[in-house]
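Have a look at the structure below before the remarks.
The values are calculated or read from the model by the stated rules, or taken from the named source; none is laboratory data. Just so you know, these numbers come straight off a predicted model, no measurement behind them. Reconstructed Cβ throughout: ideal geometry from the backbone, glycine too, with neighbour counts over all protein chains shown.
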Amino acid sequence: MTTILVDEQQAPGGQIWRAIEENVRRGVHQGLGAAYSAGAAVVQNFRECGAHYLPETRVWQIERAPSPGKPAGSGEWIVFLSRADGAESIRARHVLLATGAQERPMPFPGWTLPGVMTVGAAQILHKSAHQIPDQPVWIAGSGPLPLLYMTQLLDAGGRIAGWLDTTPRGALRRGLPTLRGAVDGWHDLLKGLLWSARLRGRGFPIVRNVSSLRAFGIGRLEQIVYRTENGLSGDVAADILLVHEGVVPSIHFTQAMGCSHRWNEAQLCFEPEVDTWGETSMTGLYVAGDGAGIGGAKAACTRGELAATGVALSSGALSVERASELAAPLHRRLGHELAMRPLLDSIYRPRTEIFTPPDETIVCRCEEVTAGDVRLAAQLGQPGPNQLKAFTRAGMGPCQGRQCGYTVANLLASAQCRSVGAVGLQRVRPPLKPITLAELSALEESS
């Protein structure tokens, strides 16, 4: 079986182990923690597995190949991609998407100012370019990633100005019913507690239960104004603000390809419907990792093994008996790796204010559409997200709704007294990544 891995990055490693080979060569990997360093062995195993690797390559469309005489929804896939030397297409019997997660957009007044970025973006700069901010950093948000990044930043010599913790009051109490089931994940739980304890001892201010956030400045970030649940308000001077409110599955490809999706009320996001092997509602199309549902890095690896086993079974390389034999320990491992998820989902459930920003807040950065624009359009005949796109242009920019889709859906749901699951997200159309006319013409000529 020929396997081709298409990767937008320069080297294997994904989001979690980004630039691991280069950082090992430079001897700086240990500063990012043991879990990051463990990626070196994984990447080495991949290098030796025999798969064809296409780095710095963008997939911008996947469609069914014409299959005369075959049932609808069957046949090979055509994967369209672009590399430095132009565009091309590849035929495949099976396609496995490992698109991972993206940070949940959290629009608030001033979030488009230079100096405001996400924690995930800052961590990418740390891993790939060894860059950390020169100035003290304010962190605002909730979830495990801010805790991890702050410890990594301190280890690298960075400075933290303060932490505005947006975790709602009573989060630990809400998580108590799930604590018993999280016993299998005690190691990860202990790791998080150690991060928190270490940060509390570093002397920077920690403000809990922050419910409102605004950023101000002329040309760039200069000031942060916040308010807590108990009415405490404050304002601080700031040069850099990093924000984070959890992650959601990256589902642009599965949306564009017409896969069935479901609303995950526990994680407040949409995810593709997949079977035990990770196969979607489209025969021959699989999803592994956080792109199929948020479960964390360890679970993503196990889901990848299950999906690979499913592909091998479907292609005839494995018998049903052998595939079941291989899958049994993987399912047990996955159960252990997901044991912490209900606890994390309960504790770090985003507060409702994140989804309903003030009217003046830009929610669609590409087209500069405000929350007020969306609310006004939402009253015009009960439009859905696609009609609202035509009314306001929200979601028509280069990101195709990656940054505004959830906010638009939540604003519509609030204005129309509907659930977000019923409203849905905007329709996604190819090309899924920006391409040039020259690339398209070269593809036509090569065909």
Q. Out of Arg202, Arg173, Arg169, which single residue is part of a helix (DSSP H, G or I) and not hydrophobic (A, V, I, L, M, F, W, C)?
A. Arg173
Q: Could you tell me which numbered condition Leu443 fails, if it satisfies all but one of (1) farther than 17 Å from Gln255 by Cβ; (2) surrounded by 18 or more Cβ atoms within 10 Å (Cβ to Cβ)?
A: (2)
Q) Restricting attention to the stretch 55-72, and to residues there that are crowded, with 16+ Cβ neighbours inside 10 Å and hydrophobic (A, V, I, L, M, F, W, C), which single residue is nearest to Gln9 (Cα to Cα)? A) Val59
Q. Among the helices (runs of 4 or more DSSP H) contained in the stretch 335-393, which hold 1 or more residues that are modelled with pLDDT under 95 and in contact with a Phe, Trp or Tyr (Cβ under 7 Å, 6 or more places away or on another chain)?
A. 371-378
Q. Does at least one position in the stretch 229-241 carry a residue that is over 25 Å from the mean Cα position of the chain (by Cα), of a type in the set (Gly, Ala, Ser), modelled with pLDDT under 90 and more than 30 Å from Tyr286 (Cα to Cα)?
A. no
Q: Go through the stretch 44-95 and count every residue that is within 29 Å of Ile20 (Cα to Cα) and of a type in the set (S, T, N, Q).
A: 5
Q: Determine which single condition Thr352 fails, assuming it passes every other condition in (1) loosely packed, with under 15 Cβ neighbours inside 10 Å; (2) in contact (Cβ under 8 Å) with a residue 60 or more places away in the chain; (3) within 26 Å of Gln267 (Cβ to Cβ).
A: (2)
Q.
Can you tell me which condition Tyr226 does not meet? The list is (1) crowded, with 18+ Cβ neighbours inside 10 Å; (2) among the hydroxyl-bearing types (Ser, Thr, Tyr); (3) farther than 26 Å from Thr361 by Cα, and all the others hold.
A. (3)
**Q.** Candidates Arg220, Arg200, filtered to the one that is under 18 Å from Pro144 (Cβ atoms), surrounded by fewer than 14 Cβ atoms within 10 Å (Cβ to Cβ) and at pLDDT 90 or above
**A.** Arg200
Q | Candidates Leu148, Leu97, filtered to the one that is closer than 30 Å to Glu353 by Cα and either aliphatic (A, V, I, L, M) or out of contact with any Asp or Glu (no Cβ under 8 Å at 6 or more places or on another chain) (or both) | A | Leu148
